[in-house]
1. Cβ-Cβ under 7 Å, sequence separation 6+ or interchain: first residue in region 42-55 and over 11 Å from Val72 (Cβ atoms) and part of a helix (DSSP H, G or I), partner of a type in the set (Ser, Thr, Tyr) and open to solvent by 70 Å² or more (accessible area, probe 1.4 Å). Which pairs?
2. Do you know which of the residues in region 339-357 that are part of a helix (DSSP H, G or I) and open to solvent by 30 Å² or more (accessible area, probe 1.4 Å) is nearest to Thr284 (Cα to Cα)?
3. Enumerate the pairs (first residue in region 318-332 and surrounded by fewer than 11 Cβ atoms within 10 Å (Cβ to Cβ); second residue anywhere and modelled with pLDDT of 75 or more) with beta-carbon separation below 8 Å, excluding pairs fewer than 6 apart on the same chain, so at least 6 apart or on different chains.
4. For region 479-495, does any single residue satisfy the condition of being part of a helix (DSSP H, G or I) and over 37 Å from the mean Cα position of the chain (by Cα)?
5. For region 152-243, list the strands (runs of 3 or more DSSP E) that sit wholly inside it and hold at least 2 residues that are over 30 Å from Leu423 (Cβ atoms); which are they?
6. How many residues are open to solvent by less than 80 Å² (accessible area, probe 1.4 Å) and either in contact with a Pro (Cβ under 9 Å, 6 or more places away or on another chain) or assigned to a strand (DSSP E or B) (or both) if we restrict to region 59-68?
7. Determine the pairs where a residue that is within 19 Å of Asp366 (Cα to Cα) and open to solvent by less than 20 Å² (accessible area, probe 1.4 Å), located within region 392-412, has a partner that is of a type in the set (Phe, Trp, Tyr) and in a strand (DSSP E or B) with Cβ atoms under 7 Å apart, the partner being 6 or more residues away or on another chain.
8. Across region 294-317, which residue is nearest to Asp385 (Cα to Cα) among those that are open to solvent by less than 10 Å² (accessible area, probe 1.4 Å) and of a type in the set (A, V, I, L, M)?
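The values are calculated or read from the model by the stated rules, or taken from the named source; none is laboratory data. None of the values given here were measured: they were computed from a predicted structure. Glycine also receives a Cβ, built like all others from the backbone with ideal geometry; neighbour counts cover every protein chain displayed. Quick note on the areas: whole protein, heavy atoms, side chains included, nothing else; ligands and nucleic acids left out. Shrake-Rupley method; radii C 1.70, N 1.55, O 1.52, S 1.80 Å.
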Amino acid sequence: FDLPRTLIPEDLEILEKKMAEIIKANLEIKPEKLSKKKALEFLKKIKQPYKIELLKELSDKEVCFFRQGDFVDLCAGPHVKRTGEIKAFKLTKIAGAYWRGDEKNKMLQRIYGTAFYSQKELQKFLKLKEEAKKRDHKVLGKELEIFLISEKIGKGLPILLPKGRIIRGEILKYERELEKEIGFDYVWTPHIAKVDIYKKTGHFAHYKDMMFKPFGVEKEQYVLRPMNCPHHYMVYENKRRSYKDLPLRIAEDGTVYRFEKSGELQGLVRVRALTIDDSHIFVTPEQIEKEYLKNVSLIKKMFLSFNLKSYRVRLSTWDPKDKKKYVADGKVWEKAEKALKKVLEDLKIIYEVGIGEAAFYGPKLDFLVEDALGREWQMSTLQLDFFIAEKLNLVYIDQKGKEKNPVIIHRGLTGSIERTIALLIEHFGGAFPLWLAPVQVIVLNVGKAHEKYALEVKEELAANNIRSEVDSENKTLGRKIRDAEMQKIPYILVVGDKEVKSKSVAVRKLKKGDLGSRKLNAFIKFLLEEIENKV
């Protein structure tokens, strides 16, 4: 809304009372269609410059308005038939929002709200929302020193602090362990490339709005890469390939750059610099199903280790009514979608179809996970591409000595590492499982006399690759324990006279409290098993 003054939280209560009156009045909400010309005349009459701007961009000859009492609004709909159908609602917050998400435009005010079929459902939602506030990765990311976004560096350009770098490293290390099971070749490729290759592959035509503008290097035009695909195609093209070389699995955790509007940036979830755990798998048509089976298995294992127990799969297809968004002809799309449906059915995976959600070059399987609060995040993706290899003349020699184009599977295991870190911060509420925790153990000495032994414990932990710290500051033991719990460190080891003498540690576990005394060697063995099993 463009309003004469800034809204304050108290305004929401006033608005809710007015809304309740409108609901009680049970007003009919009637659709009215007008020609574009008459619609423009009407909007000018009621002084709606923003709606006029939107209407001018519509190609429709006829547009829809909805009338509710003396209020009329341009809207595609649909709506409830009467205001009395609204059962439970709540206005939740106020925020500034640039018109159309562009910081060059005027700052407007947005009012957020929600509605449910019953008061019970609304209360449940509001309770979850309060919990979500406590888990907000932007807040916890700062409190736990995981990442920062500095205006001096630039919007949407996250910096991982040492603890964030550890989490990132552990995720990628685990992914490598998974990928060893089926065999991947790892590459490193530059962060820029000539714009010509993106034009040739079709990425420029379909993604130019999200790419940073090309820049000149000598007499050539380069771009910050928005995806790793073209670089990996060149790895394949580097030498002559035989059917015996396939599947060829090329992987890289490559940082890419995308121009997200300022109004769309959000912590680590929407950024301008993101690292994709990217892989391009080159296969023969006969190998598609087996390769999907292997990679779906990796995805399931990864979800289990992240304690993401609930997920759904979407088969994202093209929209034949909007062919401009895609490449290749209908027969190629039909072939690719049929192949993915067979994979899903053979794996006995229940799925839904997302028409129009495909990549421009082919259909895909998207894995959407639920976090601890039941919120959904898009994570892994497996995209099937029958098009690019032919376009770039990427070939292999088949068993009969003939040149054939490989099929390419574009695979993101977590997708964006930054987004995954955000998900995990909120999923675990900052209390990471032992294998992911930046600091796995903290050692607290009761007094100055026990500091030497505390440091020895830390050395022994470090020798076993267990990340630990010692809090030897001059403060009470109770204060040290509270500080450690605030930092959400999985294990707290207390050492005093008894522990020094018996070479043991008094163990406390986050959220569970005192676990009693353990011999140091036995406890280290216990920790290593927990890390290995990713409990």
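1. Taking only residues 6 or more apart or on different chains, not a single pair turns up.
2. Going through region 339-357, the residues part of a helix (DSSP H, G or I) turn out to be 339-346.
With the extra rule that they be open to solvent by 30 Å² or more (accessible area, probe 1.4 Å), the set shrinks to 341-342, 345-346.
Numbers: Lys341: 18, Lys342: 16, Glu345: 20, Asp346: 19 Å.
Residue satisfying both the conditions and the ranking: Lys342.
3. Qualifying pairs under 8 Å: Asp322/Gly356.
4. No, every residue in region 479-495 fails to be part of a helix (DSSP H, G or I) and over 37 Å from the mean Cα position of the chain (by Cα).
5. Of the strands (runs of 3 or more DSSP E) lying wholly inside region 152-243, those with at least 2 residues that are over 30 Å from Leu423 (Cβ atoms) span 215-217, 220-224.
6. Residues of region 59-68 that are open to solvent by less than 80 Å² (accessible area, probe 1.4 Å), as a first pass: 60, 63-68.
Those left that are additionally either in contact with a Pro (Cβ under 9 Å, 6 or more places away or on another chain) or assigned to a strand (DSSP E or B) (or both): 63-68.
Result for region 59-68: 6.
7. Taking only residues 6 or more apart or on different chains, the pairs are Ile408/Phe282.
8. Taking the candidates together, the pick is Leu315.
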